Structure formats: structure tokens, C-alpha cells
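Colleague: Just dropping this structure here.
The values are calculated or read from the model by the stated rules, or taken from the named source; none is laboratory data. None of these values were measured; they are calculated from a predicted model. Here the Cβ positions follow ideal geometry from the backbone for every residue, glycine too, while neighbour counts run over all protein chains shown.
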Amino acid sequence: MPTPQRLLLATDFSDAAHLARDHALHLARRYGAALHVLHVAEVSDVYFETDEDLRQRLRDQMDALFDGADVSGVSVTRTIERGEVAAEGILDYAEAHAIDLVVLGTHGRRGLRRMVMGSVATEVVRRARCPVLAVREHDRPFPDEAVDGILVPLDLSDYSRDALPYAKDLAAQYDGTRLHLLHVFEDLNLPPIYGDVHNPLLSAFPEIREKVEAQMEQWVDAAGGPDVPVTIQVETGPSVGTILDYIAAHGIDLVVLTTHGRSGLERFLLGSVAERVMRQAPCPVYVIPSFAD
């Protein structure tokens, strides 16, 4: 994968945006990339153009975003724009400035209701032509240099495979980071009358587990890039729940996945594994578009 040269931190000045700032600064410094910082004010043209107090408040909030932050060695460009819809403004800016990675909080000032109904972050992830690092608001501090584990869920589609070069490159940005490759055999969708019946495929055909593990080993080797420690795991259960359980059990600091796998773009728009993990994971999620030209 090409080394990112231009990162965009999209901010609404929320707590989640401050967490996203730390990730953006760290990656910009490690990649030697320029950092663009954008706030899109969802106000009318007249209000934005005539209210100097509003513009000054926004400038003050932009300055406050970097209070206490180490920006040494990072070229930072700060921009405040007006837009009807924040997501549209972020996407337009990313296109116009050839942004390689967008970093943002998954929800901010509008809280849980906005997140459930369709957040700015979700819209950006759905439509961005470049990867997006979504940082969910949570109490877990960003560990900076001590990212111990990066999880790559793989459904064995070619789309999911695309995450591996990005994951290996990200692992190299954090010293000693281990990649965890996880494939989940979905539970069977049976009526409740069948009781607690799990997918019997692995127990009936144990050689399948070996084939899956061998395939993941081949893929991580074929992805090239830096050598990083790798753990390969095969589990059974509901995909999202199993991924979240794995994150908790292994202290995962970052998840890397593609926007969709076998289910395709239509499934993604309806609510994919990627989107559900992004909403619920207690750590940042790095999402790679599978539909880019």
C-alpha cells in the first residue's frame, strides 16, 4: 500500500474528536504526513458570513483542540468551512485535497440518537474513497506507542483480504504490535425450538479449520510489507459478537477491516459487520473501502 502523505482530521470539537486528534497526530508523525484539520459548520450562508462572533468561537475551538497536544514535526493546516451537511463537506474536502486517510470520532455533540439514526462518521465511512479511522468515544485512553494488538477479521473473501497490507503497515507504526487474524464460522440460523445449536461444521469436518488457518497464513505472507508477529484464530458464533468478545479477551487496541465482504455493497448500506463493529468496538476501527475504483 502507498504511504499516506495527507491525513484529514475531521472534527466537531467533541470528546471523541479529541481522541481522534491524538491518533491523527501520531500517524501523521510516524508517516511523515501532512495533517489537515477540518471543521464543517452546519449553518446558513448568511449566518456564517455575517456573524463574526460565530466564526471567532469556531476559531477558538479549533485552537483549543490542540491545547496540550504535541504537534512538533507535523505540518498542520486548519480549515473551517460552512456546509449544509457535515459529511458532504468532509467528503468534498477529502476529494479536493487528495486525502489518503480520514480520522474522525464516531459521534459527538449530537450523541447516541444521531449515532443510531446515521452519524457523520457512518456516512463518511460508507462513501469515502480512502480509508477512514473511526475513533469511538470511550473511557479507554489512547496508548500511543503501546498498541499491543491489531485485529483483522477475515471472512475469506477477496474484499476482506485487502485489509492485510494496511494492517501490517499499521502494525509497523507501533513497536511490537501483534496482528490477530480472526475468522468466524457463523452460527446456523435455526428456530429456537432447536435449542442452543451451534455451527457443527468444524466438529464434523476438523480439516476445515486447518484449511482456513493455512489460507490465512498464505494471505498474510502474500500481503508483503514488514514482518510482524501474527496470531491466527478460528472461532464459531455470531460474527459481530464473536469479534467484540475477541477484542475484550485479547486487549485489542485497533481493528482493521474492509467495508464489506461476501455480502457486497448492498449489505453494507443496510448495516454490515463493518458498520456494527465500528459502532460497538471499544477501540478505534480502521475501515478500508472495498468499492474504490
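Colleague: Filter the stretch 249-290 for residues that are more than 16 Å from the chain's Cα centre (by Cα) and either outside the structural domain of V184 (by TED's automatic domain parsing) or not in a helix (DSSP H, G or I) (or both); which is modelled with the highest pLDDT?
Modeller: G251
Colleague: Every residue in the stretch 156-176 that is surrounded by 15 or more Cβ atoms within 10 Å (Cβ to Cβ) and of a type in the set (D, E, K, R), please.
Modeller: R161, D162, K168, D169
Colleague: Which members of the stretch 27-69 meet the condition of being of a type in the set (D, E) and either exposed (fewer than 11 other Cβ atoms within 10 Å of the Cβ) or without any contact (Cβ under 8 Å) to a residue 40 or more places away in the chain (or both)?
Modeller: First, the residues of the stretch 27-69 that are of a type in the set (D, E): 42, 45, 49, 51-53, 60, 63, 67.
Of everything in the stretch 27-69, those that are of a type in the set (D, E) and either exposed (fewer than 11 other Cβ atoms within 10 Å of the Cβ) or without any contact (Cβ under 8 Å) to a residue 40 or more places away in the chain (or both) turn out to be D45, E49, D51, E52, D53, D60, D63, D67.
Colleague: Out of the residues in the stretch 139-155 meeting the condition of being assigned to a loop (DSSP other than H, G, I, E, B) and within 19 Å of P289 (Cβ to Cβ), tell me which one is modelled with the lowest pLDDT.
Modeller: Taking the stretch 139-155 as the starting set, the residues that turn out to be assigned to a loop (DSSP other than H, G, I, E, B) are 139-148, 154-155.
Narrowing the set further to residues that are within 19 Å of P289 (Cβ to Cβ) leaves 154-155.
On the way: L154: 93, D155: 88.
Going through the qualifying residues, I end up with D155.
Colleague: Then there is this: Scan the stretch 1-17 for residues that are under 13 Å from A41 (Cα atoms) and more than 14 Å from the chain's Cα centre (by Cα) and report the count. Give the steps one after another, and end with the answer.
Modeller: Step one: of the stretch 1-17, the residues under 13 Å from A41 (Cα atoms) are 10-13.
After this cut, where a residue has to be more than 14 Å from the chain's Cα centre (by Cα) as well, the list is 11-13.
Number satisfying all stated conditions: 3.
Colleague: Picking from R136, R178, which residue would you name as being touching a Lys or Arg at 6+ places or on another chain (Cβ under 8 Å), at pLDDT 65 or above and among the charged types (D, E, K, R)?
Modeller: Numbers: R178 fails: touching a Lys or Arg at 6+ places or on another chain (Cβ under 8 Å).
Every option except R136 fails the conditions.
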